[in-house]
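A.B. asks: I am attaching a structure below and will ask some questions about it afterwards.
The values are calculated or read from the model by the stated rules, or taken from the named source; none is laboratory data. Because the structure is predicted, anything quoted here is derived from the model rather than measured. A quick note on method: Cβ atoms are made from the backbone with ideal geometry, for glycine too, and the neighbour counts reach across all protein chains shown.
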Amino acid sequence: MPRQCTRKPGTRSRGLRTGVAALLSVGAALSLALSPSAVRVTTPSMPHGGDALRPVAVGSSGPTADECAALSAATMNRLIAGMPPGSVSVAGLNLDTGTRVRYDADTQVVTASVIKLDILEALLLAHRDDGTVLAGSELDQATAMIVNSDNDAATALWNAVGGDGSGLQEATERLGADATTTDPNGYWGLSTSDADDQLTLLSDLVDAGPLTPSDRRLALGLMTRVEPDQAWGISAIADPATPTALKDGWLDIDDDDGRWATGSVGMLTLHGHRVLLAVLTQHNPSEQDGIALVEALARAAGTTLDCS
C-alpha cells in the first residue's frame, strides 16, 4: 500500500478542536476577499510538446491576452520537457477579469491528499441532505484532515461518506467533478482527477450551488489554516499578507517506481485579483522536485491569469 500524504516529520498538531463560529469567521473573511463568480471551464486546452509555443515580443503597451497565453504555454512546455506524457494538469480562473488558463486541464493525475477537499465537500453535502451541520468528532476529523493533512482522519471520513463504495463517487459527480475517479480499493490517495474538476470543486466554495453558504465558509476557513510547512504550491504566487485557501497533496507511488505525485489547489489573490488555481503533477523524481514543479507551473499560469 502506498504512503498517503501526512504531516512532515517534526511538525506539531496545533489543536484540532476548533469552534464552528471561529471557522465560519475565517471563511467569511475570505469570502469577502474572494467573492463568487461563475467558473465553469470549457475552453480548449493549450498544446504542449511537439510544436511548442515560443515567447513573443511584448510591446510597451503590455502583452495581449494571446501573447500572455503563449508565454504561459511556452514556459510550461519547457518545465515538463523530458517528462512522461500525462505528467501535469493545470487550470485557473481570474474571478475579477474572467481570464482563464488551461494546460492539459483534462489529463488524469493521481490526486494524493488533494482528494481530501473532495472528501470534505462530500461530507458537507451529506450533512446538507440530512438537514444537519458538521460538528463534534466529525468536525474535529475534518479539521485534522485539512489543516494537518491527517491521514487517519481522512480515512475515517472517507469511510463515513462511502469512499469504499459508490457514495463518494456519487457525491463527487453531484459536486460537478464528473471526471474524478475515487479509488475503488480504498487507497484514497490513488484517486485520480484533472485540473478542470479541481477548479469545479473550488467553484463550489465560492458560488451558490451544492453547498450552503455556511458550508462554504467552513471549508474556506479550514483551508486558510493549513500548517505553514504544508502551504506551498499555488501560494507561491499570492500577494504578500493576503489569505490563501489551499489543499496540497504529495505521495510516492510504488507502481510508478516510487516517483511522486504532487499537487496544489485553492484560491489566492494575485496583484489584487481573486484567482482560483489547480496544479496537479505526477512522475516526479522526488517530493521536492514535485513541489518545485507545482510552484513553477503556478507562476507560469499566473502570467496569463494576471494579464490585462
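A.B. asks: Please work out which residue is nearest to Ser89 (Cα to Cα), limiting yourself to the stretch 123-158 and to residues that are of a type in the set (A, V, I, L, M, F, W, C) and under 15 Å from the mean Cα position of the chain (by Cα).
C.D. replies: Applying the first criterion (of a type in the set (A, V, I, L, M, F, W, C)) to the stretch 123-158 yields 123-126, 133-135, 139, 142, 144-147, 153-154, 156-158.
Add one more test, that the residue is under 15 Å from the mean Cα position of the chain (by Cα), and what stays is 145-147.
Numbers: Met145: 24, Ile146: 22, Val147: 24 Å.
In this case the residue turns out to be Ile146.
A.B. asks: Going by the conditions given, is Pro243 at pLDDT below 95 and out of contact with any Lys or Arg (no Cβ under 6 Å at 6 or more places or on another chain)?
C.D. replies: Values: at pLDDT below 95: yes; out of contact with any Lys or Arg (no Cβ under 6 Å at 6 or more places or on another chain): yes.
Yes, satisfied.
A.B. asks: Restricted to the stretch 237-270, and to residues that are part of a helix (DSSP H, G or I) and touching a helix residue (DSSP H, G or I) at 6+ places or on another chain (Cβ under 9 Å), which residue is nearest to Asp96 (Cα to Cα)?
C.D. replies: Filtering the stretch 237-270 for residues part of a helix (DSSP H, G or I) gives 237, 254-256.
So of that shortlist, the ones also touching a helix residue (DSSP H, G or I) at 6+ places or on another chain (Cβ under 9 Å) come out as 237, 255.
Details: Ile237: 17, Asp255: 41 Å.
Filtering the stretch 237-270 for residues that are part of a helix (DSSP H, G or I) and touching a helix residue (DSSP H, G or I) at 6+ places or on another chain (Cβ under 9 Å), the one nearest to Asp96 (Cα to Cα) comes out as Ile237.
Yes/no per residue for (1) surrounded by 24 or more Cβ atoms within 10 Å (Cβ to Cβ); (2) closer than 24 Å to Ile80 by Cβ; (3) among the small types (Gly, Ala, Ser):
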{"site": "Gly189", "(1), (2), (3)": "yes, yes, yes"}
{"site": "Gly209", "(1), (2), (3)": "no, no, yes"}
{"site": "Arg216", "(1), (2), (3)": "yes, no, no"}
{"site": "Gly233", "(1), (2), (3)": "yes, yes, yes"}
{"site": "Ala238", "(1), (2), (3)": "no, yes, yes"}
{"site": "Gly266", "(1), (2), (3)": "yes, yes, yes"}
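A.B. asks: Do we have any residue at all in the stretch 284-294 that's in a helix (DSSP H, G or I), buried (at least 23 other Cβ atoms within 10 Å of the Cβ) and without any contact (Cβ under 8 Å) to a residue 60 or more places away in the chain?
C.D. replies: Looking for residues that are in a helix (DSSP H, G or I), buried (at least 23 other Cβ atoms within 10 Å of the Cβ) and without any contact (Cβ under 8 Å) to a residue 60 or more places away in the chain, one finds at least one in the stretch 284-294, hence yes.
A.B. asks: I'd like to check which helices (runs of 4 or more DSSP H) are fully inside the stretch 110-209 and have at least 3 residues that are among the aliphatic types (A, V, I, L, M) and under 24 Å from Leu277 (Cα atoms). First the steps, then the outcome.
C.D. replies: Details: elements: 115-130, 136-147, 151-160, 167-174, 195-203.
Passing ranges, in order: 115-130, 136-147, 195-203.
A.B. asks: I've got another one for you. What residue, of Arg128, Arg102, is touching a residue at least 24 places away in the same chain (Cβ under 8 Å), crowded, with 17+ Cβ neighbours inside 10 Å and basic (Lys, Arg)?
C.D. replies: Values: Arg128 fails: crowded, with 17+ Cβ neighbours inside 10 Å.
Only one candidate qualifies: Arg102.
A.B. asks: Return the residues of the stretch 162-187 that are in contact (Cβ under 8 Å) with a residue 24 or more places away in the chain, surrounded by fewer than 24 Cβ atoms within 10 Å (Cβ to Cβ) and either in contact with a strand residue (DSSP E or B) (Cβ under 6 Å, 6 or more places away or on another chain) or farther than 18 Å from Arg216 by Cα (or both); say none if nothing qualifies.
C.D. replies: Matches in the stretch 162-187: Gly167, Ala179, Thr181, Gly186, Tyr187.
A.B. asks: Just checking, how many residues over the stretch 214-236 are in a helix (DSSP H, G or I) and touching a residue at least 24 places away in the same chain (Cβ under 8 Å)? Lay out the reasoning, then the answer.
C.D. replies: So the first thing to find is which residues in the stretch 214-236 are in a helix (DSSP H, G or I), and the list is 214-223, 228-230, 234-236.
Keeping just the survivors that are touching a residue at least 24 places away in the same chain (Cβ under 8 Å) gives 214-223, 229-230, 234-236.
Residues meeting the conditions: 15.
A.B. asks: Now, a different point. Select from the stretch 192-227 the residues that are closer than 18 Å to Arg128 by Cβ, touching a Ser or Thr at 6+ places or on another chain (Cβ under 8 Å) and small (Gly, Ala, Ser) and list them in ascending order.
C.D. replies: Those that are closer than 18 Å to Arg128 by Cβ, touching a Ser or Thr at 6+ places or on another chain (Cβ under 8 Å) and small (Gly, Ala, Ser): Gly209, Gly221.
A.B. asks: A further question follows. Considering every residue within the stretch 94-108, establish whether at least one is within 24 Å of Ser191 (Cβ to Cβ), of a type in the set (Lys, Arg) and modelled with pLDDT of 95 or more.
C.D. replies: Yes; the residues of the stretch 94-108 include at least one that is within 24 Å of Ser191 (Cβ to Cβ), of a type in the set (Lys, Arg) and modelled with pLDDT of 95 or more.
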